[in-house]
Amino acid sequence: MTKKSLGIIQVGNVLLSADCLQEVFACDLGVCRGTCCVEGDAGAPITLDEIMAIEDIVTEIEADLSPEARRVIAEQGVAYTDCDGELVTSIVRGKDCVFTCYDEQGTCLCAIEKAQREGRITVAKPISCWLYPLRIKAFKGGLFGVNYHRWDICRCGIERGKKLRLPVYRFLKEPLIARFGAEWYAELEQTVTDLKEQGYLE
């Protein structure tokens with residue numbers, strides 16, 4: 001059967017680009033070494049609620065941060081408004097996320113996620129980081145748009161996704177549920193099943 005062309009898919013109040021269902025992806029931290037946390041010219045998108053939650057646990061993670069990062073947080077805070085007027089995490093030396101830390105192999109990790117995994121905090125890293133390479137945009141009327149973002153440094157994630165035959169929406173099941181809920185994710189999976197039966201997805 002020839003696969004039909006797929007456009008925007010609506011699941012509940014979320015509009016997803018076709019790539020969100022068609023692309024495969026699985027982070028390969030052993031290859032990329034967490035480069036996404038240190039490349040770019042701005043921090044990660046962050047909400048006011050996330051800022052307040054992170055401010056409450058900064059003292060729990062500051063030992064994992066570099067002296068420069070601690071200085072930036074003391075002077076600027078955990079976030080700032082970028083040139084587009086968006087709230088983003090603070091950065092060090094114009095690129096590194098302020099929450100970066102490194103393991104013994106030199107792999108970049110998120111200090112927030114590290115502390116959460118170790119059971120020291122319950123706060124999660126910003127949803128924009130957790131959901132990458134999917135990006136969310138809020139629209140009027142309570143609608144949200146979700147798009148798949150391509151970045152050369154994440155090519156290894158695409159290759160690993162191909163080997164595992166893992167769609168990006170399944171790789172990101174946990175953060176998608178955290179953001180939109182388990183009921184919404186179940187509806188997403190049913191939508192995928194329906195689209196496969198209709199010949200839009202393989």
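Tabulated values for the structure
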read-out	value
Single residue of the range 162-171 satisfying the filter (part of a helix (DSSP H, G or I) and under 18 Å from the mean Cα position of the chain (by Cα)) that is surrounded by the fewest Cβ atoms within 10 Å (Cβ to Cβ)	Arg170
Which listed residue, of Glu174, Glu197, Glu183, is surrounded by fewer than 18 Cβ atoms within 10 Å (Cβ to Cβ), more than 15 Å from the chain's Cα centre (by Cα) and modelled with pLDDT of 95 or more	Glu183
Sole exception among (1) in contact (Cβ under 8 Å) with a residue 60 or more places away in the chain; (2) charged (D, E, K, R); (3) touching a helix residue (DSSP H, G or I) at 6+ places or on another chain (Cβ under 6 Å) for Lys125, by number	(1)
Residue, farthest from Leu16 (Cα to Cα), within the range 102-148, restricted to residues that are of a type in the set (A, V, I, L, M) and part of a strand (DSSP E or B)	Leu109
Identity of the residue in the range 149-161, surrounded by fewer than 17 Cβ atoms within 10 Å (Cβ to Cβ) and basic (Lys, Arg), that ends up farthest from Glu23 (Cα to Cα)	Arg155
Filter result for the condition that a residue is in contact (Cβ under 8 Å) with a residue 40 or more places away in the chain, buried (at least 19 other Cβ atoms within 10 Å of the Cβ) and either in contact with a Ser or Thr (Cβ under 8 Å, 6 or more places away or on another chain) or not in a helix (DSSP H, G or I) (or both), over Ala26, Ala42	Ala26
Filter pass, Leu188 being within 30 Å of Val38 (Cβ to Cβ) and touching a strand residue (DSSP E or B) at 6+ places or on another chain (Cβ under 7 Å)	no
Test: Leu134 is of a type outside the set (Phe, Trp, Tyr), within 14 Å of the chain's Cα centre (by Cα) and modelled with pLDDT of 95 or more	yes
Only one of Glu62, Glu75, Glu55 that is under 23 Å from Ile136 (Cβ atoms), among the acidic types (Asp, Glu) and not in a loop (DSSP other than H, G, I, E, B)	Glu55
Scope the range 70-122; condition polar (S, T, N, Q) and either over 22 Å from Pro175 (Cα atoms) or touching a residue at least 24 places away in the same chain (Cβ under 8 Å) (or both); matching residues	Gln76, Thr81, Thr89, Ser90, Thr100, Gln105, Thr107
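The values are calculated or read from the model by the stated rules, or taken from the named source; none is laboratory data. Being a predicted model, the structure only gives us computed values, none of them experimental. Virtual Cβ from ideal backbone geometry, glycine too; neighbours counted across all protein chains shown.
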